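Asks: Below you'll find the structure I mean.
The values are calculated or read from the model by the stated rules, or taken from the named source; none is laboratory data. What you see is a predicted model; the values in this text were computed from it and never measured. Ideal geometry is used to build each Cβ from the backbone, glycine not excepted, and the neighbour counts take in all protein chains shown. To get the accessible areas, we keep the full protein, side chains included, count just its heavy atoms, and leave off ligands, DNA and RNA. Shrake-Rupley method; radii C 1.70, N 1.55, O 1.52, S 1.80 Å.
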Amino acid sequence: MLTRSETFQNYKRAYTEATGMQVTLRPVKTWQLQFHGKGNTFCAVMAGKSRTCAACLQSQEKLTHDAMNGPATRTCAYGLCETAVPVKLGPLTIGFLQTGHVMRQKPSRTLFRHAVAHAARLGVDIGNEQAKRAFFETPVTSQRKLDAVTDLLVIFADHLAMKSNQLMTQAANAESPAITKAKQFIREHFTEDLSLLQVSSSVNTSTFYFSKQFRKVTGMNFTEFVSRTRIEKAKNYILNPNLRISEIGYGTGFQSLTHFNRVFKKIVGQSPTEYRGRLTAANGWQLAIIKNSDRRRELSDMGVVQGNSRLAGI
């Protein structure tokens, strides 16, 4: 669902245009090379041979193991590096943002000889002009740039996690009028003590049929959808500093503060208090930028420029 989302597709396009590097969102377990047939030409050559392809898959598996709880970069035997950043829902890692297939040093004849020798040990001959040309066409990225793009991926992985609940409750699946009506009923009555019987009755279906169809269409059961709807509303209310956490919990349909805190942390990955603190810090940072920008415009209007002696007195 995240991979198909407009949020990810827009980021993927912008990331590639800005960095010249491919990025993909891959599941935790997969036995497919993430950039096979696109991106780095040398990697495409290596993926075309079963033994070297298997070695690349093993390297990819080690990379994702290293990145289970934080960003990781691994360099393969041919000198190309990949970076993976985990996408987490609460404590659970559901996938990785993966980028790379670049070198951190300029390709050289010595490096190519090492690559040829390593492939030969696997029984593969890459000492040909096609492989050589592809090897020397591999993009080179400085460590500083690699660190910077990793920071971008970390920020975006965090953003994807925050957006995931919204995407879950707004899943663009084909659904029957009854399910559409039921979801609308839940959104209008989420503050009440909703039951499966109450909602299924509102759309004139049996609880068994409704429960089965609801899970098939939304990808979650009735209770989880209600919880996610309430948490999405709670996240909006948390923006209001005048509302206490307890007021938000009870105001969004939770019967106890303990239950609210537990469900919120399970879905968002942070407690309501931690989430509010994070938003406050982020808003303070943005406000500082705006104020700084306004101050610069004010100085410009006053005729103050960099290097002007009047600047020292302000």
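Asks: Along the positive direction of the dipole of segment 43-162 (beta-carbon charges: Lys, Arg +1; Asp, Glu -1; about the Cα centre), which of L122, T75, H159 reaches farthest?
Replies: Result: L122.
Asks: Return the distance in nm (one decimal) between the two label points of a simple spin-label model at H114 and L239, each offset 7 Å from Cα along Cα→Cβ.
Replies: Label at H114, label at L239, 5.2 nm between them.
Asks: Can you give me the distance in nm between label points at T280 and D158, each placed 7 Å from the Cα along the Cα-to-Cβ direction?
Replies: A separation of 1.7 nm, rounded to one decimal place.
Asks: What nm value, rounded to one decimal, do you get for the distance between T16 and K29 when each label is placed 7 Å out toward the C-beta?
Replies: Placing both labels 7 Å along Cα→Cβ, they lie 2.9 nm apart.
Asks: Let me ask something else about it. What translational diffusion coefficient, to the nearest whole µm²/s, does segment 107-266 have by Stokes-Einstein, given a Kirkwood radius computed over alpha-carbon pairs, a temperature of 37 °C and 0.692 mPa s viscosity?
Replies: For the chosen part, D equals 161 µm²/s.
Asks: Follow-up. Given the protein chains as shown and a 1.4 Å probe, how many square angstrom of E82 are accessible, to the nearest 10?
Replies: Counting only protein heavy atoms, E82 exposes about 30 Å² to solvent.
Asks: Assuming R0 = 45 Å, can you tell me the calculated FRET efficiency for the pair N128 and M220, based on Cβ-Cβ distance, to the nearest 0.05?
Replies: FRET efficiency, N128 to M220: 0.30.
Asks: If you take every residue apart from A67 with its C-beta less than 13 Å away from the C-beta of A67, what net charge results, scoring Lys and Arg +1 and Asp and Glu -1?
Replies: My count for the surroundings of A67 gives +1.
Asks: May I ask for the net charge around P91, where only other residues with Cβ less than 11 Å from the Cβ of P91 are counted and Lys, Arg are +1 while Asp, Glu are -1?
Replies: +3
Asks: Can you tell me the alpha carbon radius of gyration of segment 236-281 divided by the globular rule-of-thumb value 2.2 N^0.38 Å?
Replies: It is 1.04.
Asks: Same structure, new question: Take L122, L153 and sort them by solvent-accessible surface of the protein heavy atoms, 1.4 Å probe, largest at the top.
Replies: The ordering from most to least exposed comes out as L122, L153.
Asks: Give me the extension gain from L92 to K212: residue separation times 0.36 nm, minus the current Cα-Cα distance, reported in nm with one decimal.
Replies: 40.6 nm
Asks: Using a 1.4 Å probe and counting only protein heavy atoms, arrange H65, H118 so the residue with the most accessible area comes first.
Replies: Accessible-area ranking of H65, H118, largest first: H65, H118.
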